[in-house]
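Novice: First the structure, which I've put down as structure tokens, then a few questions once you've had a look.
The values are calculated or read from the model by the stated rules, or taken from the named source; none is laboratory data. On a predicted model such as this, the values are computed, not experimentally measured, just so you know. Cβ coordinates were reconstructed from backbone atoms using ideal geometry, including for glycine residues, and neighbour counts include every protein chain displayed. What goes into the accessible areas is simple: the full protein's heavy atoms, side chains included, and nothing from ligands, DNA or RNA. Shrake-Rupley method; radii C 1.70, N 1.55, O 1.52, S 1.80 Å.
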Amino acid sequence: MTKSELIFSEAKKYLGVKEINGPKSNPIITGWIKSAARWLNGDDSQTAWCGCFRGAIGLATGTGVPSSHYRAANWLSWGDKVKTIRDAIIGDTLVFKRPGGYHVGLFAGMDGQNILVLGGNQSNEVNISKHSTTILEGIRR
């Protein structure tokens, strides 16, 4: 099993984990947030936690994390650069530009011109969703 496959396999275990509506937070997500930085707000509805999720997977698999891994953009410095989406393999780390910042997730395949991404904080849960290739900033392995 490659490191990317190991990362993807671990991340798949959390598919369906979602934020809790209202004032409570999901303790799993709060754990990911607090393991990234104790000072972060553990409220899953107030904290962008995609980088925390990706970091938890990196820590659990021993594949590592970049400095301040809660910041999605910092994943652009982790691992080795993959040139194009055509070179991506399942489990590679993807960073996307979005309004107000960045998003990090894992390559799960293609659906036409869209990238399938397994990630945290996608519609407030861990799921596989579609992202446009036009907002892809980088691929890391």
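Novice: Which trypsin sites (Lys or Arg not before Pro) in the stretch 1-65 pass both tests, a DSSP loop state and at most 13 other beta-carbon atoms within 10 Å?
Specialist: Numbers: sites: 3, 12, 13, 18, 24, 34, 38, 54; in loops: 13, 24, 38.
Those that pass, being in a loop and sparsely packed, are 13, 24, 38.
Novice: In a shell of Cβ-Cβ distance under 13 Å around residue 60, excluding residue 60 itself, what net charge do Lys and Arg (+1) and Asp and Glu (-1) give? Mind showing how you got there, number by number?
Specialist: Numbers: positive: 3, 12, 13, 54; negative: 10.
My count for the surroundings of residue 60 gives +3.
Novice: Starting from the Cα-Cα distance between residue 97 and residue 124, subtract it from 0.36 nm times their residue separation and give me the gain in nm to one decimal. If you can, show how the numbers build up before the last one.
Specialist: On the way: separation 27, 0.36 × 27 = 9.72 nm, distance 1.77 nm.
Extra length available between residue 97 and residue 124 comes to 7.9 nm.
Novice: Which net charge results when you count Lys and Arg as +1 and Asp and Glu as -1 among the other residues whose beta-carbon is under 10 Å from that of residue 29? Write out the running numbers ahead of the final one.
Specialist: Working: positive: 18, 34; negative: 19, 43, 44, 125.
Neighbour charge sum, excluding residue 29 itself: -2.
Novice: Where does the Debye-calculated log10 I(q)/I(0) of the stretch 92-131 sit at q = 0.24, 0.28, 0.29, 0.31 Å⁻¹, using only Cα point scatterers of equal weight, no solvent?
Specialist: Taking Cα atoms of the stretch 92-131 as identical point scatterers yields -0.77, -1.00, -1.05, -1.14.
Novice: Now for a different question. Mind checking the log10 I(q)/I(0) for the stretch 14-84 at q = 0.19, 0.20, 0.24, 0.27 Å⁻¹? Debye, one equal scatterer per Cα, no solvent, two decimals.
Specialist: Debye curve over Cα of the stretch 14-84, log10 I(q)/I(0) at q = 0.19, 0.20, 0.24, 0.27 Å⁻¹: -0.74, -0.80, -1.06, -1.24.
Novice: In square nanometres, what is one fourth of the surface area of the convex hull spanned by the alpha carbons of the stretch 70-141? Intermediate results must be reported in sequence, preceding the final value.
Specialist: Details: hull surface 17.9 nm².
Across all orientations, the stretch 70-141 yields a mean hull projection of 4.5 nm².
Novice: Can you give the FRET efficiency to the nearest 0.05 for residue 43 and residue 116, using r as the Cβ-Cβ distance and R₀ = 41 Å? Walk me through the numbers on the way to the answer.
Specialist: Values: r = 29 Å, r/R0 = 0.70.
Taking R0 as 41 Å, the efficiency between residue 43 and residue 116 is 0.90.
Novice: Sorted by accessible area (1.4 Å probe), largest first, how do 44, 111 line up? Don't skip to the answer; put the middle values down first.
Specialist: Working: 44 0, 111 65 Å².
Output order, biggest surface exposure first: 111, 44.
Novice: If you build a Gaussian network model of the chain, linking Cα atoms that sit under 10 Å apart, which residue out of 57, 29, 89 swings the most?
Specialist: 89
Novice: Follow-up question, since we're still on this one. Subtracting the Cα-Cα distance from 0.36 nm times the residue separation, let me have the gained length for residue 24 to residue 80 in nm, one decimal.
Specialist: On the way: separation 56, 0.36 × 56 = 20.16 nm, distance 3.81 nm.
Between residue 24 and residue 80, full extension yields an extra 16.4 nm.
Novice: Find how many whole Å separate the alpha carbon centroid of the stretch 124-141 from the alpha carbon centroid of the stretch 63-91.
Specialist: Value for the Cα centre distance between the two parts: 11 Å.
Novice: Need one number: nm distance between label points at residue 34 and residue 90, each 7 Å from Cα along Cα→Cβ, rounded to one decimal.
Specialist: It works out to 3.4 nm between the two label points.
Novice: While we're looking at this one, here's another question. Rounded to two decimals, what is the ratio between the C-alpha radius of gyration of the chain and 2.2 N^0.38 Å?
Specialist: On the way: Rg = 13.9 Å, N = 141, 2.2 N^0.38 = 14.4 Å.
It is 0.96.
Novice: Shifting gears a bit: Net charge near residue 75, counting Lys/Arg +1 and Asp/Glu -1 over other residues with Cβ under 13 Å of its Cβ? Don't jump to the answer; show the numbers that get you there.
Specialist: On the way: positive: 54, 71, 81, 97, 140, 141; negative: 80, 92, 137.
Net local charge, residue 75 excluded: +3.
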